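Everything on this sheet refers to the single structure shown next.
Quick note: the coordinates plus some simple rules give every number you see, no bench work behind them. All values reported here derive from a predicted model rather than from experimental measurement. Glycine gets a Cβ as well: all are built from the backbone with ideal geometry, and neighbour counts include every protein chain shown.
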Amino acid sequence: MKNYTPHRKRSFNASRKPLHKFITVTAEECHDNPEKMVRRFIKKVKSAGILEEARSRTHFKKPSEERREKKRERKRLIQKVNKQREELFKPRESNRKSFRNRR
């Protein structure tokens with residue numbers, strides 16, 4: 001019998017990154033306005049993606065499902081960028097007559 005090694009149990013979520021993201025909002029940053037501080041904090045949390053990540057960690061997702069979602073998101077983003085590029089390069093149709101035709 002060759003070298004037999006028993007399978008070790010992996011710890012749950014061992015491959016995932018920890019949620020150690022610190023977000024701070026200072027009073028000087030918002031000129032001592034508490035409402036502005038709350039709005040700025042919420043904005044920073046959303047841009048960092050902390051809430052989205054916490055919600056995604058509540059239930060287990062199979063790796064294949066995560067790959068499918070990433071692929072779908074990439075495809076959607078590529079289509080969005082291509083649409084924006086088409087609009088940039090599309091010739092404009094204006095209702096006004098050009099200056100050359102006025103003479």
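Here are the numbers:
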| quantity | calculated |
| --- | --- |
| Flagged links, alpha-carbon separation over 32 Å, of LYS43/LYS80; LYS43/LYS90; LYS46/LYS90; LYS62/LYS90 | LYS43/LYS90; LYS46/LYS90; LYS62/LYS90 |
| Förster radius 41 Å - calculated FRET efficiency between ARG92 and SER47, Cβ distance, rounded to 0.05 | 0.75 |
| The stretch 72-83 - phi-based ³J(HN,Hα) in whole Hz, Karplus 6.51/-1.76/1.60, Gly and Pro as x | 4, 5, 4, 4, 5, 5, 5, 4, 5, 5, 4, 5 |
| Highest-first arrangement of 40-49, 60-69, 84-93, where packing means the average Cβ count within 10 Å | 40-49, 60-69, 84-93 |
